[in-house]
Each structure stands twice: as C-alpha cells, then as structure tokens.
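Heads up: the structure comes next, in structure tokens.
The values are calculated or read from the model by the stated rules, or taken from the named source; none is laboratory data. Given the structure is predicted, the values throughout are model-derived calculations rather than measurements. Note that we place each Cβ from the backbone using ideal geometry, even for glycine, and neighbour counts take in every protein chain shown.
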Amino acid sequence: MAKSPAKSLSVEPPVTNRERPNEPKRFEASKEQLLEFYRQMLLIRRFEEKAGQLYGLGFIGGFCHLYIGQEAVAVGLQSALDGEKDSVITGYRDHGHMLAYGIDPKEIMAELTGRAAGISRGKGGSMHMFSTEKKFYGGHGIVGAQVSLGTGLAFAHKYNEDGGVAMAYFGDGAANQGQVYESFNMAELWKLPIIYVIENNQYAMGTSVNRSSAEDQLYKRGESFRIPGIQVDGMDVLACRGAAEEALAWVRAGKGPIILEMKTYRYRGHSMSDPAKYRSRDEVQAMRDNSDPIEGVKKELEKLGVTEDQLKPIEQEIRRAVNESADFAEQTPEPDPAELYTDVLVGTY
Ligand SMILES: Cc1ncc(C[n+]2csc(CCOP(=O)(O)OP(=O)(O)O)c2C)c(N)n1
Ligand SMILES: [Mg+2]
C-alpha cells in the first residue's frame, strides 16, 4: 500500500512569522559609563596611532592592521559581555578588541615589537595575540577561520554548561568565505550560544562590499539557516551596546546564534601598505567629519554637561599610558632564541 507522501515533499508557504529578536534600542548610558566608553575608544585610537608610528620607524615587523574608525564596535559590544564567562575571537585587526577587553596596552605593544614580555611572548605579533585568562582567543590571520573556531568555542560553552557566550568577529570580506556558512549551519542546528559579528567596514583589502557581495545587506546572510540578523550603526557606541544587549538576551535564552552586522568604516589603509586606489580621500574625510565615533560620544557627553576641559585629564592619562607602552615595547628584551621551540606543539612528552 502506498504510504502518504513524505512531509518534505509538501510545498511550504513563504515563512513570515519566524520569531525575531526585539529591535534594539540605543543604550541609555550613565555619565560614568559614557566617560568609560570615551576613555576606551580614545585609548584604542591613540594606541593605534602610536603603533602606526612605531611601524614607520621599523620597530614593528610583519603585518599590522589598524582599527582606527571602528572603535565603537569593540567597545560597545564587549562592554555588554560577562568577562568571567564569555569568550571573544576575531581576525587579524585585533588590537582594539584586546584593549576593549581591558588587556594591558604594554603587553599588546610589546607583542607588536616582538618582545618576550608581549602577550603571546613576542611570537605572535600583531595578528596572533591571545589571552586565554581573559577568554580572548585571538588574533587569526586566515580570513574567516575564526568563525569556525568561534563556533567551536560556543560548542564548548554549551557542552560544559558554563553559561558563556562566544562572540566571533569577522569582516565583510570574510563574510564570503565558505566555512562561515558551514559554521552557521551547525551553530543553528545545535543552538550554539554565539553572536556572529560582521564588522562591515565597507572594504576588504581593496574591494568594496558592493563590488564583491551579491547580497550586500550582510545581516541577512543567516536567513537560510534560520539565524536572525540585525543591522547596527557601528559608528555609534550606544547603538552597538544596545544591539549587544538584545543579541545576548536572544542567545542566553537558548535560542541559538544571532548575527549582528555593524556598519562601520576604517580610516586607514587595509594594512600598513595599501595603495588606496579603491576609494577617494574625500570619502574618508567625509566619514571622519560626519560620523566619527569618538566625536559622537563627545556630543553625548556634552548633552550631560561634560565640558572639553573635564575630558582633558582622561586624554592626558591615555597619552601617558600609550607613551609608556611604546617605551616599554622598545626597551624590553626580545625572546631568547630557545623560545623558538616552545609553544609550538601542545602536549607533554
Ligand atoms: C583565507 C585567506 N584568504 C585571503 C587572505 C588575504 N587577506 C587578508 S585580509 C583580506 C581582506 C579581508 O577583508 P574583511 O574580511 O572585510 O576584513 P577587514 O580587513 O576589512 O577587517 C584578505 C583577502 C587571507 N589572509 N586568508
Ligand atoms: Mg572589511
């Protein structure tokens, strides 16, 4: 006797009623919280400017990708995480994420100059910084690889039932990598606790997102995996923090992964060598003039009655901390040559 047709052969009507996260609201920060956002964002900017200078002077070897322009993303999102439980992973543009996680600028700068006191003992450099104590899992040079690794972190959170959430950052260019979609599939299937953060800074190395992406509204990229996405003003730290709150509520409720597309912009070249032929100076200048994330926080502070003069001590303190990190990074010794053979393989023999 013929069986009734398999359910999978029935034609489903278009789905319109899938559960979605709430529309995020701009975070309502207290004066103290806003001042802290300002401090962290300015620290990243000044740190990156100094790193650029040290690179020019030949103190930093290898690749170096600066985060200037994108400060609101790491600061806004990471301020919502639970530093005890949650984990973070990103690509090679990683200095800002480490600073936003409260990691000592001296250890980061010393890593950039390849010194033994660097956070990866001078052997990782700009692209491969780690702090497992802070649950910061790098720093990865292979575009998109951190998405699969981050999915593994989320699996570990679920498997160990430790209540943690993984946050995996990647770029608009990385969003076209195949392993991203393999990861999306597994993450939704297993309802893993992960926030996928696409830092859409409009460009990969030298190609704009519109030229390289068939669907350039990247927050939609999870749709066929049933992963909801939210597009966020990544130049507004309060919007970033507000989006993080909604994303965390979704993930912590056991609803599986979520995507945040952060619309942001990098002011500097892709890395330290960049012919800059793919965009005009006017475009960059307009972004600096009209959308700068640090100026945006200053305006919010003004509304709360904080004056330029009151910000001066914060600026001076940051200048001091950044200079100190640079002095440290120049003077502290390089690793012993024997260190070439340590930390290469995991295991005891
Ligand atoms: C698998 C792989 N392919 C290519 C590269 C070379 N590469 C390094 S960065 C980059 C562009 C990535 O752009 P995006 O993901 O937008 O990140 P952004 O640099 O803008 O932060 C490319 C193609 C690489 N490192 N790894
Ligand atoms: Mg990009």
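Go through the stretch 141-216 and tell me which helices (runs of 4 or more DSSP H), entirely inside it, have 2 or more residues that are within 16 Å of ligand 2 (Cβ to nearest atom).
Numbers: elements: 145-160, 178-189, 209-212.
Qualifying helices (runs of 4 or more DSSP H): 145-160, 209-212.
Would you confirm whether any residue within the stretch 150-160 is modelled with pLDDT of 95 or more and within 16 Å of ligand 1 (Cβ to nearest atom)? Steps first, please.
Of all residues in the stretch 150-160, those modelled with pLDDT of 95 or more come to 150-160.
So of that shortlist, the ones also within 16 Å of ligand 1 (Cβ to nearest atom) come out as 150.
Scanning the stretch 150-160 turns up at least one residue that is modelled with pLDDT of 95 or more and within 16 Å of ligand 1 (Cβ to nearest atom).
When the stretch 217-238 is examined, which residues are found to be basic (Lys, Arg), away from ligand 2 (no atom under 16 Å from the Cβ) and closer than 16 Å to PHE170 by Cα? Give the steps one after another, and end with the answer.
We begin by selecting, within the stretch 217-238, every residue basic (Lys, Arg); these are 220-221, 226.
From what's left, away from ligand 2 (no atom under 16 Å from the Cβ): 220, 226.
Within the stretch 217-238, just LYS220 meets the criteria.
Take GLY164 and tell me if it is away from ligand 1 (no atom under 14 Å from the Cβ), surrounded by 19 or more Cβ atoms within 10 Å (Cβ to Cβ) and small (Gly, Ala, Ser).
On the way: away from ligand 1 (no atom under 14 Å from the Cβ): yes; surrounded by 19 or more Cβ atoms within 10 Å (Cβ to Cβ): yes; small (Gly, Ala, Ser): yes.
Against the criterion (away from ligand 1 (no atom under 14 Å from the Cβ), surrounded by 19 or more Cβ atoms within 10 Å (Cβ to Cβ) and small (Gly, Ala, Ser)), GLY164 qualifies.
If SER120 satisfies every condition in (1) more than 18 Å from the chain's Cα centre (by Cα); (2) within 22 Å of PRO228 (Cα to Cα); (3) part of a loop (DSSP other than H, G, I, E, B) but one, which is the exception?
Failing condition for SER120: (2).
Is one or more of the residues making up the stretch 53-71 in a helix (DSSP H, G or I), touching a Leu at 6+ places or on another chain (Cβ under 9 Å) and farther than 19 Å from LEU238 by Cβ? Show your work before the answer.
So in the stretch 53-71, the residues in a helix (DSSP H, G or I) come out as 53-56, 71.
Right, trim to touching a Leu at 6+ places or on another chain (Cβ under 9 Å) and you get 54-55, 71.
Still in the list and also farther than 19 Å from LEU238 by Cβ: 54-55.
For the stretch 53-71, residues in a helix (DSSP H, G or I), touching a Leu at 6+ places or on another chain (Cβ under 9 Å) and farther than 19 Å from LEU238 by Cβ: present.
Scan the stretch 287-304 and tell me whether some residue there is free of Cβ contacts under 8 Å to residues at least 60 places away in the same chain, on the phi < 0 side of the Ramachandran plot and of a type outside the set (D, E, K, R).
yes
From GLY69, GLY52, GLY76, GLY61, grab the single residue that is surrounded by fewer than 15 Cβ atoms within 10 Å (Cβ to Cβ) and within 23 Å of GLY91 (Cβ to Cβ). Give the steps one after another, and end with the answer.
Working: GLY69 fails: surrounded by fewer than 15 Cβ atoms within 10 Å (Cβ to Cβ); GLY52 fails: surrounded by fewer than 15 Cβ atoms within 10 Å (Cβ to Cβ); GLY76 fails: surrounded by fewer than 15 Cβ atoms within 10 Å (Cβ to Cβ).
Answer to the check: GLY61.
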